[in-house]
Amino acid sequence: MMKYDLVVVGGGPAGMAAALKAKECGVKKIIILERSETLGGILEQCIHTGFGLHYFGQELSGPEYAYRFIKELEKTDIDVKVDTMVTEIQPGNVVIATNNVDGMLRINATAIILAMGCRERPRGALDMPGSRASGIMTAGTAQKYVNINGYMPGKKIVILGSGDIGLIMARRMTLEGAKVEMVCELMPYSGGLTRNIVQCLDDLGIPLKLSCTVIKTHGIGRLEGVTVANVDENRRPIPGTEQFVECDTLLLSVGLIPENELTRMAGIIIDPVTNGAIVDEYRQTSRSGVFACGNVLQVHDLVDYVTEESQIAGEGAAKYILSKGKSKGGKSRNGKDIHVKAKDGVRYVVPQNINRSTDRDVKVYFRVSDIYKDTYVVVTSGDKELYRKKKRKLAPGEMENVTVKLEDIACLESNEITVKLEVGKNG
Amino acid sequence: MVKELVCVACPIGCMMSVEMNRKKEVVSVTGNTCKRGEQYAKDECTNPVRMLTTTIKVNGGSLPVVPVKTSVPIPKGKMFECMAEINNQVVDAPIKTGEVLICNICDTGADIVATNEV
Ligand SMILES: Cc1cc2nc3c(=O)[nH]c(=O)nc-3n(C[C@H](O)[C@H](O)[C@H](O)COP(=O)(O)OP(=O)(O)OC[C@H]3O[C@@H](n4cnc5c(N)ncnc54)[C@H](O)[C@@H]3O)c2cc1C
Ligand code: SF4
């Protein structure tokens, strides 16, 4: 059995940043295990720019952002195994992986960082009757076809769901000569970044139909069209609003799901809202020595935040390893932990727990559940208000954060911190 | 006149208010988090520009296409003209990240630069 101080599962931006940070903090033996042929994760197919503006101060494309981390990795003695799939995390932090060269690998790890990213919600997750015609695929699959394989999957396109990948693909396919008829969004607002709505739809005159969905697909063999309909406030199609739209391709951009099969199998506690592990301020999960970061923990829209979060996990893992496993798990311990709660319009928070004896300011990330204008973000603990700031606009598609100060954490009387929204007086 | 605008210079997407005088000159920009926002607001109200990213066909590479971007943002109205030019070209492998593949595309002053290696 091989032995490593740190095993990182997944070689996307999260895994790479976490490994590099752990190295910088003094961890000796580190290995990254990546299922694909190359490092970089989803970034390899995200050829549009908009990555790294805050981290590098430059507007990079996905591959360029990844390249910088790959180059950094090459300068270190961090081991990397590509084409290697992790299949199980056993008790005692033993990582089981397989590849064609080594067959089955068993690695004994002091600490593990989970950085498996997320995957797109497939068609099966939707309740959509119709033929099993070809031409229906996720937006990410289409992105791979166009950007990596140089092949256009269709000419007349309808996109269901206004997630970022769908918006990016609306522009990409239009630039390559396809006609994107419309983007249908079930909700009354888009789930994507405003930036992408402006640049990818408005710029090109592609209509965004809100409160609208695809209720049926048509065609045998190849897709010939879809029926769309408006929906009511309960998201049910409104009879009489059906419309047939001719198209040969339907792209689905209806959400991302953190890839947590390994995490669940290992018995780690999952947050039912984020679909990622419940973690403490160093991103340690309920299992001692197992950390999580990036899209496997919470779906991010900005890679800059992924990098930031992963460096925290890398630092946490390093502390854990260097103190030989003395630091504690993210689960509640002796009732002394501080629980971070989401309330009044805040859908979730990460991290969900903070160690009372922490040594850092804690940035709490959150998402809101609806569109809010001129609203205060308020953080309280017991009767004490720790933070209050007015926001002009909050949207579910954009992740927000607030920082809870170390000096506040140290002298909290209550075991709870609440992050909530308060509608402005004149808003 | 005040125009409400979302900064698209980076994915944060700050909401900005741009105040313009009668000559359509920008007097003030508020709501931006960084300097780029101010520049974006000025450009957007006078000469809107965008980064163009796409792929170019490659001969003899490990993959059939290589991703590229414009070295600087180009006028919004020139996007399709540039796309047509890029789709007319085939480049030979090997290609390195940062390599200039087309100089001064469609007289925009921007170069087409590879963003990955093939
Ligand atoms: C289409 C799209 C557009 C985006 N646009 C932007 C943008 O404009 N600007 C921006 O800042 N951010 C953007 N993002 C967000 C950002 O790119 C992602 O949040 C980020 O790439 C997530 O990094 P990650 O490392 O967590 O996940 P990933 O990049 O998905 O990496 C996870 C890696 O883990 C590997 N893996 C999974 N399971 C296993 C296993 N069992 N064994 C071994 N390896 C495994 C996978 O193969 C993968 O390489 C975009 C994301 C997408 C999908
Ligand atoms: S103002 Fe700065 S931080 Fe805000 S969206 Fe523009 S570039 Fe990003």
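The values are calculated or read from the model by the stated rules, or taken from the named source; none is laboratory data. Remember, predicted model here, so these are calculated numbers, not experimental data. Note that we place each Cβ from the backbone using ideal geometry, even for glycine, and neighbour counts take in every protein chain shown. These area figures cover heavy atoms from the full protein model, side chains too; ligands, DNA and RNA do not enter into them. Shrake-Rupley method; radii C 1.70, N 1.55, O 1.52, S 1.80 Å.
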Of these, A:Ser61, A:Ser36, which one is within 11 Å of ligand 1 (Cβ to nearest atom), farther than 18 Å from A:Ala97 by Cβ and within 14 Å of chain B (Cβ to nearest Cβ)?
-> A:Ser61
Pairs, first facing chain A (nearest Cβ under 10 Å) in region B:1-22, second open to solvent by 80 Å² or more (accessible area, probe 1.4 Å) and among the basic types (Lys, Arg), C-beta under 9 Å, six or more apart | B:Cys7/B:Arg36; B:Ala9/B:Arg36; B:Cys10/B:Arg36; B:Cys14/A:Arg392; B:Met15/A:Arg392
Residue list for region A:161-216, restricted to those being among the β-branched types (Val, Ile, Thr) and either facing chain B (nearest Cβ under 10 Å) or within 13 Å of ligand 1 (Cβ to nearest atom) (or both) = A:Ile165, A:Ile168, A:Thr174, A:Thr194, A:Ile197, A:Val198
Residue by residue through region A:272-304, note down the ones that are within 14 Å of another protein chain (Cβ to nearest Cβ) and in contact with a Phe, Trp or Tyr (Cβ under 7 Å, 6 or more places away or on another chain).
-> A:Val303, A:Asp304
Pull up region A:141-152, narrow it to residues that are more than 9 Å from every other protein chain (Cβ to nearest Cβ) and open to solvent by less than 10 Å² (accessible area, probe 1.4 Å), then point me to the one that is farthest from ligand 1 (Cβ to nearest atom).
-> A:Ala142
Taking region B:11-41, which residues are away from ligand 1 (no atom under 16 Å from the Cβ) and open to solvent by 80 Å² or more (accessible area, probe 1.4 Å)?
-> B:Glu19, B:Arg22, B:Lys23, B:Lys24, B:Glu25, B:Val27, B:Lys35, B:Gln39
Residue satisfying condition, being assigned by TED's automatic domain parsing to the domain that holds A:Pro13, away from ligand 1 (no atom under 13 Å from the Cβ) and either at pLDDT 95 or above or closer than 30 Å to A:Ala22 by Cβ (or both), within set A:Ala66, A:Ala111, A:Ala115 | A:Ala111
When (1) surrounded by fewer than 23 Cβ atoms within 10 Å (Cβ to Cβ); (2) more than 14 Å from chain B (Cβ to nearest Cβ) are applied to A:Ala14, the one that fails is (1)
Check whether at least one residue in region B:72-88 is within 16 Å of ligand 1 (Cβ to nearest atom), within 12 Å of chain A (Cβ to nearest Cβ) and farther than 25 Å from B:Val118 by Cα, and report yes or no.
-> no
Restricting attention to region A:101-150, the residues that are closer than 29 Å to A:Ile31 by Cα and in contact (Cβ under 8 Å) with a residue 40 or more places away in the chain number exactly 19
Is it the case that B:Thr55 is open to solvent by less than 20 Å² (accessible area, probe 1.4 Å) and more than 13 Å from the chain's Cα centre (by Cα)?
-> yes
Residue count, region A:300-311, condition of a type outside the set (Ser, Thr, Tyr), at pLDDT 95 or above and either within 12 Å of ligand 1 (Cβ to nearest atom) or in contact with a Cys (Cβ under 7 Å, 6 or more places away or on another chain) (or both), comes to 3
